[in-house]
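Working notes for the structure below.
The values are calculated or read from the model by the stated rules, or taken from the named source; none is laboratory data. Owing to the predicted nature of the structure, the values given are computational and were not obtained by experimental measurement. Counting neighbours? That spans all protein chains shown, and the Cβs are built from the backbone with ideal geometry, glycine included.
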Amino acid sequence: MNNIYLKYHELKTRMIHEDKLENINLNNDPYIYYDQPYYKLKDNVFIGSIDRKENFGFLRQIDSDDIYIDGYKLKNVMHNDVILIRDEKDPKVEFVLTRNLTEIIATVKKVKKGYRYYTDRDINRNIILENDERIVEGHVLRLKVLEIRENEITTSLIEIIGHINDPDIDIKKIVAYHKWPEPDMKKLEDEISNIKIDYDLERLKRHDLTNEFVFTIDGADAKDLDDAISIKYENGNYHLGVHIADVSHFVTEGTLLDESAFEKATSVYMANKVIPMLPPKLSNDLCSLNPDEEKLTLSCLMEIDKSGKVVAYDIQKTIIKSSYRLTYDSVNDYIYDNISLENKTLNKKIDLMLELSDILKTMRKKRGEIEFDSEEIKFHIVNNEVKEVYAKHTFLAEELIESFMLAANETIAFHMEHAEIPSIYRVHESPDTDKLKEAITKVSRLGVKVNQRILNNPSELQSVLESVKEKDNEFVVNMTILRAMQRAKYSKTPIGHFGLAARHYTHFTSPIRRYPDLILHRIIKDLVFAETPNLIKKLQYYENNIEDIAEHSSVQERIAIDIERDVNKLMACKYLNNKIGQKFNGQIIQMLKSGMFVRLDNGIEGFIPMRDNYRSTYFDVDLLTYRANNDFYKLGQKIKVELKRVDLLELEIDFSIDIKKKKQRRRRNR
């Protein structure tokens, strides 16, 4: 059967238009019939992904009931495979359409007759691999799945990831599990060594801003500095310059560097490690806007009035020389504690930035921007040991830079859309109505007043979020509404950004770590500055390829997020691994029939399997309450929990509620 990409509505309606099939002939297919102009699945045929349990499984379908399948009928079917079955009442698996398991990460163990291969995630089958002279006990392997049978999986060796005694092997396994691209660094470095920069020639082609007062603000440990700021106040308006590393000068179309950057599409920022999109020689040196070094940049120069409106702008190829490399910590120290920066000029610049940032923030709030409380979990790691875990909040220094990057991104998007040039945009669709209704129902049951106009007015969503700031239920409310939102993604079509309430939005400001930004820089040079020798050909190229680049970049972004989350789970497990039996303060953040998710004060999340710990349990979906024995629990409630289980392989953490403590407290209150 040919591979055809099916959209959501095609899966939902069980039919596909004949035009999409082109030369594929399905007239003799036993599972499909033709009803002009559509090909449709026959009534007794069903397609879905399999939720595989030990002795049975469920076929999950879109907008249809699950279909139960006995385990003996699922001999070579694995969890999350997409399968086609016939007959709903007595289902028979006809064939597997798509295999979920295409690669395996396995550890080598010596046995009497050769080696055995063990996986972290249970696949309940023996792994077959031809002996390889390079393999020794303890090696961690990345294997390609060749064939899946009832009791065994035949594989071939893709690569040796490392050894179980390597200090960072756990992270390497996570990265390999998600199939993150690993380019040949030697070839990339050889290509970089051939890059030459003629600054005298570049000055003839660019605006020389090396005498402007330009500086960067980044995290203390950041090495890839891709944005710099200049700011002044003249004639009643703010003049803001956002200067971005001109990565496209170094990473040109058709090179190995470009191919590698496209494959990754983004950098991955993990707990104690970064996988850069570009090799360090580029990201941390040639392209990084380090102080006192002349650098090639693309600049978005904006004149902004006191209402936050961009009244004039220019996009230029430039050369800058950053005067200072400030950190978020040092700028926050100045803002909150009045600890002076390196000189008075910097102090004045930060004061001016605060003024403009407040204006821009007020403007965005008026138009309906939804601002979620940003907090991320951080790990203090020494010699591969997690010493401390804490929740890190965003402060004003970070907000300054974010505010100015938003302004530049909107301005560039406005220009590209109105110039009617094919471009790549960062888009965010309106939330699904049903999901949002469910979310606001949950929020209202937490005691939060919700205006029913919220479904048609994003400003009302922001009002809800502001009403819970600094309150106990702030995190739960933020998370509940956030889950109802669509994912932001990249697209050729400029439909706007719901969360920012922006009509025009793109990503221009981080080409060192995001491929869409790099592509946008190329488009600006080729089509806005008309640097390409064949304008018509380039127009056609971008017209034909941007959507594929956008789709691939969106997928890679989601994979990078999954890697970051799994590494965070790993670090949380390592931190708690020797703390079984210890008690922690936490909050109930999600409720399911099987139990509750709890978030500790330090940001670590885990699960409370209620049915495993209590004889009598009842979950009230409508009231969002859980009864266990004679105790009641509700969403958002603060509780004390005891650590019961840490699984470093499955990256799972289980707690139980500290019942004894709760009962003692009751007796004291009588």
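Inspection of the range 578-596 finds no residue satisfying the criterion of being more than 30 Å from Ile381 (Cβ to Cβ), surrounded by 20 or more Cβ atoms within 10 Å (Cβ to Cβ) and modelled with pLDDT under 80.
Of all residues being in contact with an Asp or Glu (Cβ under 8 Å, 6 or more places away or on another chain) and part of a helix (DSSP H, G or I) in the range 459-473, which is modelled with the highest pLDDT? Just the residue, please.
Leu465
Would a scan of the range 82-103 turn up a residue that is part of a strand (DSSP E or B), within 30 Å of His139 (Cα to Cα) and at pLDDT 90 or above? Give the derivation first.
Filtering the range 82-103 down to residues part of a strand (DSSP E or B) leaves 82-86, 92-98, 103.
Within this subset, residues satisfying the condition of being within 30 Å of His139 (Cα to Cα) are 98, 103.
From the residues that got through so far, the ones that are at pLDDT 90 or above too are 103.
Checked against the condition, which is being part of a strand (DSSP E or B), within 30 Å of His139 (Cα to Cα) and at pLDDT 90 or above, the range 82-103 yields at least one hit.
Hey, among the residues in the range 103-125 that are surrounded by 12 or more Cβ atoms within 10 Å (Cβ to Cβ) and polar (S, T, N, Q), which one's nearest to His79 (Cα to Cα)? Once the filter is applied, the top-ranked residue is Thr119.
Would you point out which residue out of Ile128, Ile197, Ile135, Ile153 is over 27 Å from the mean Cα position of the chain (by Cα) and closer than 23 Å to Ser248 by Cβ?
Working: Ile128 fails: closer than 23 Å to Ser248 by Cβ; Ile135 fails: closer than 23 Å to Ser248 by Cβ; Ile153 fails: closer than 23 Å to Ser248 by Cβ.
Checking each option against the conditions leaves just Ile197.
One residue stands out among those in the range 268-284 that are among the polar types (S, T, N, Q) and crowded, with 18+ Cβ neighbours inside 10 Å: the one that is nearest to Lys187 (Cα to Cα), which is Ser283. For the range 291-325, taking the residues that are without any contact (Cβ under 8 Å) to a residue 40 or more places away in the chain and outside any strand (DSSP E or B), the one that is nearest to Ile197 (Cα to Cα) is identified as Glu293. Among the conditions (1) over 30 Å from Leu518 (Cβ atoms); (2) in contact with a helix residue (DSSP H, G or I) (Cβ under 8 Å, 6 or more places away or on another chain); (3) crowded, with 16+ Cβ neighbours inside 10 Å, Ile546 misses just one, which is (1).
Here's the yes/no breakdown for (1) of a type outside the set (Asp, Glu); (2) surrounded by 15 or more Cβ atoms within 10 Å (Cβ to Cβ); (3) under 30 Å from Pro279 (Cβ atoms); (4) in contact with a strand residue (DSSP E or B) (Cβ under 8 Å, 6 or more places away or on another chain):
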site: Arg142; (1), (2), (3), (4): yes, yes, yes, yes
site: Arg149; (1), (2), (3), (4): yes, no, no, no
site: Asn165; (1), (2), (3), (4): yes, no, yes, no
site: Lys173; (1), (2), (3), (4): yes, yes, yes, yes
site: Tyr177; (1), (2), (3), (4): yes, yes, yes, yes
site: Trp180; (1), (2), (3), (4): yes, yes, yes, yes
site: Lys186; (1), (2), (3), (4): yes, no, yes, no
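Taken together, the residues in the range 249-263 that are outside any loop (DSSP other than H, G, I, E, B) and closer than 20 Å to Ile275 by Cα amount to 8. Screening Ile359, Ile319, Ile381, Ile339 for residues that are at negative phi and touching a Gly at 6+ places or on another chain (Cβ under 6 Å) leaves exactly one candidate, Ile359. Of all residues in the range 493-519, those being in a helix (DSSP H, G or I) and in contact with a Pro (Cβ under 8 Å, 6 or more places away or on another chain) number 2.
Of all residues in the range 326-338, those that are in a strand (DSSP E or B) and under 30 Å from His504 (Cβ atoms) total 1.
Let me confirm something: among Ala407, Ala413, Ala391, which residue is out of contact with any Phe, Trp or Tyr (no Cβ under 8 Å at 6 or more places or on another chain), farther than 23 Å from Leu225 by Cβ and either surrounded by 18 or more Cβ atoms within 10 Å (Cβ to Cβ) or aliphatic (A, V, I, L, M) (or both)? It would help to see each step written out before you state the result.
Details: Ala407 fails: farther than 23 Å from Leu225 by Cβ; Ala413 fails: out of contact with any Phe, Trp or Tyr (no Cβ under 8 Å at 6 or more places or on another chain).
On inspection, the qualifying residue turns out to be Ala391.
Filtering Ile195, Ile217 for residues that are surrounded by 13 or more Cβ atoms within 10 Å (Cβ to Cβ), in contact with a helix residue (DSSP H, G or I) (Cβ under 6 Å, 6 or more places away or on another chain) and among the hydrophobic types (A, V, I, L, M, F, W, C) leaves a single hit, Ile217.
Just name the residue that is farthest from Arg483 (Cα to Cα) out of those in the range 415-433 that are in a loop (DSSP other than H, G, I, E, B) and polar (S, T, N, Q). That would be Ser423.
His497: modelled with pLDDT of 95 or more, surrounded by 17 or more Cβ atoms within 10 Å (Cβ to Cβ) and assigned by TED's automatic domain parsing to the domain that holds Leu282, yes or no? Outline the logic, then answer.
Working: modelled with pLDDT of 95 or more: yes; surrounded by 17 or more Cβ atoms within 10 Å (Cβ to Cβ): yes; assigned by TED's automatic domain parsing to the domain that holds Leu282: yes.
When the stated conditions are applied, His497 passes them.
Restricting attention to the range 1-52 and to residues that are polar (S, T, N, Q), assigned by TED's automatic domain parsing to the domain that holds Leu74 and not in a strand (DSSP E or B), the residue that is modelled with the highest pLDDT turns out to be Asn44. When the strands (runs of 3 or more DSSP E) confined to the range 547-611 are screened for residues that are out of contact with any Pro (no Cβ under 6 Å at 6 or more places or on another chain) and among the polar types (S, T, N, Q), those reaching at least 3 such residues are found at 583-592. Assess whether Leu482 counts as being in contact with a helix residue (DSSP H, G or I) (Cβ under 8 Å, 6 or more places away or on another chain) and either outside any loop (DSSP other than H, G, I, E, B) or of a type outside the set (S, T, N, Q) (or both). Considered against the rule, which asks whether it is in contact with a helix residue (DSSP H, G or I) (Cβ under 8 Å, 6 or more places away or on another chain) and either outside any loop (DSSP other than H, G, I, E, B) or of a type outside the set (S, T, N, Q) (or both), Leu482 comes out as no.
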